[in-house]
1. What are the residues in the stretch 35-65 that are within 12 Å of the ligand (Cβ to nearest atom), among the hydrophobic types (A, V, I, L, M, F, W, C) and touching a residue at least 60 places away in the same chain (Cβ under 8 Å), if any?
2. Which condition number in (1) at pLDDT below 95; (2) within 16 Å of the chain's Cα centre (by Cα); (3) of a type outside the set (Asp, Glu) is the one that Tyr53 fails?
3. Residues that are touching a His at 6+ places or on another chain (Cβ under 9 Å), at least 3 per element: which helices (runs of 4 or more DSSP H) completely within the stretch 40-132 meet that?
4. Please find, within the stretch 19-34, the residue that is farthest from Leu88 (Cα to Cα) out of those that are under 16 Å from the mean Cα position of the chain (by Cα) and without any contact (Cβ under 8 Å) to a residue 24 or more places away in the chain.
5. In the list Lys68, Lys22, Lys122, Lys86, which residue meets the criterion of being modelled with pLDDT of 95 or more, farther than 23 Å from Phe4 by Cα, within 16 Å of the ligand (Cβ to nearest atom) and exposed (fewer than 15 other Cβ atoms within 10 Å of the Cβ)?
Amino acid sequence: MKRFEWTPALSTGVAFIDAQHKELIRAINDLGDDLQRGQGASAIQQTVSFLKYYAEWHFGQEEDCAAKHQCPIAETNKQAHGQFMKMLDKLSADLRQTSDHESVAKEAHHLLCDWFEGHIMKIDKQIGDHVTKCAAAS
Ligand SMILES: [Fe+2]
């Protein structure tokens, strides 16, 4: 089972974004721990519900920050966030359509680890760099 460790390599340089990313990573690791104990099925619904609420709120905060600083990739970031929310909807639909929630939990854990790691490395770090430069210039 992959453990998604937060490392300084994931830092965006923006404290509030990093703090929110750590919270998201904690939720993903909680699901990983439950899977490890063979209890993914009882945890997955809560993980999806939490992410629907928390990730959406976090994305809004990050998007406002990117827009305020006129980040060149603000729109790309917004689109990626939209795709993530669709991925959560798909997981919810999977949970309604199958009784094998343990398998959905495994798939979800894998998708969430990959999505967040890739998104933070490819997009959020660029936003962080831009915001940090703006702050230094003001
Ligand atoms: Fe983002």
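1. Cys65, the sole residue that qualifies.
2. Among (1) at pLDDT below 95; (2) within 16 Å of the chain's Cα centre (by Cα); (3) of a type outside the set (Asp, Glu), Tyr53 violates only (1).
3. On the way: elements: 40-68, 74-97, 101-119.
Here the list reads 40-68, 74-97.
4. Kept after step one, since they are under 16 Å from the mean Cα position of the chain (by Cα), are these residues of the stretch 19-34: 19-32.
So of that shortlist, the ones also without any contact (Cβ under 8 Å) to a residue 24 or more places away in the chain come out as 19, 22, 26, 30.
Details: Ala19: 22, Lys22: 19, Arg26: 17, Asp30: 17 Å.
Here the answer is Ala19.
5. Working: Lys22 fails: farther than 23 Å from Phe4 by Cα; Lys122 fails: farther than 23 Å from Phe4 by Cα; Lys86 fails: farther than 23 Å from Phe4 by Cα.
One residue alone meets the criteria, Lys68.
The values are calculated or read from the model by the stated rules, or taken from the named source; none is laboratory data. In this text, all values refer to a predicted model and were calculated from it rather than measured experimentally. All Cβ positions, glycine included, derive from the backbone under ideal geometry; neighbour counts span all protein chains shown.
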